[in-house]
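Trainee: I'd like to ask some things about the structure below.
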Amino acid sequence: RRTPREKGAVSGARAAGAGAGLGAVTGFLGVGGGFLAVPALVTVLAVPMSAAVGTSLLVVGANALVALAARAYSSVHLDLTLLLPFLAAAVLGAWDGRRLAAKVSPGTLRRVFGAVLLAVAVAMGVTAAL
């Protein structure tokens, strides 16, 4: 069995650089990093798609906790009648999505992810232009 270094593992410095770039872009644009983290992990760091999804979720979760902690004592009001059903449905959707992803090949998953990313980009471009 080969070690990660023998498999051509990415250096910690390169991973930190990709993470810093991702953080800067998501912080600047004010968007969640999930849609950028997966492509960054797959293309820049050569992480397999299945591992990139899990890693992305961990990164997004950690960033969300930090952002929530930073806003916890601000004047932002969280509407729990909206938040709790949204959160519950998102958790159930994530569970179902994970089960579905296990049945799809990594190549197909990459293509579907790319198509969704492209559709979101087009929708954002149209909205910005109007």
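Trainee: Give me the pairs, please: first residue somewhere in the stretch 60-89 and without any contact (Cβ under 8 Å) to a residue 60 or more places away in the chain and on the phi < 0 side of the Ramachandran plot, second residue anywhere and assigned to a loop (DSSP other than H, G, I, E, B) and surrounded by 10 or more Cβ atoms within 10 Å (Cβ to Cβ), beta-carbon distance under 7 Å, and either six or more positions apart or on two chains.
Mentor: Listed by first residue and then by second, the contacts come to 60/32; 60/33; 63/33.
Trainee: List the number of the failed condition for residue 81; all other conditions in (1) among the polar types (S, T, N, Q); (2) modelled with pLDDT under 85; (3) more than 14 Å from the chain's Cα centre (by Cα) hold.
Mentor: Here residue 81 meets the rest and fails (2).
Trainee: Of 52, 64, 69, 40, which residue is open to solvent by less than 70 Å² (accessible area, probe 1.4 Å), at pLDDT below 80 and either outside the structural domain of residue 22 (by the TED database) or part of a helix (DSSP H, G or I) (or both)?
Mentor: Being open to solvent by less than 70 Å² (accessible area, probe 1.4 Å), at pLDDT below 80 and either outside the structural domain of residue 22 (by the TED database) or part of a helix (DSSP H, G or I) (or both) holds for just one of 52, 64, 69, 40, which is 64.
Trainee: Look through 23, 17 and report the one residue that is more than 29 Å from residue 105 (Cβ to Cβ), assigned to a helix (DSSP H, G or I), outside the structural domain of residue 87 (by the TED database) and modelled with pLDDT of 85 or more.
Mentor: Exactly one residue qualifies, and that residue is 17.
Trainee: Let me ask something else about it. Would you mention how many residues in the stretch 90-106 are open to solvent by less than 60 Å² (accessible area, probe 1.4 Å) and within 18 Å of the chain's Cα centre (by Cα)?
Mentor: Qualifying residue count for the region: 4.
The values are calculated or read from the model by the stated rules, or taken from the named source; none is laboratory data. Just so we're clear, the structure is a prediction, and the values are computed from it rather than from any experiment. As a convention, Cβ positions derive from the backbone with ideal geometry for all residues, glycine included, and neighbour counts pool all protein chains shown. Note: areas computed on protein heavy atoms with side chains; ligands, DNA, RNA excluded. Shrake-Rupley method; radii C 1.70, N 1.55, O 1.52, S 1.80 Å.
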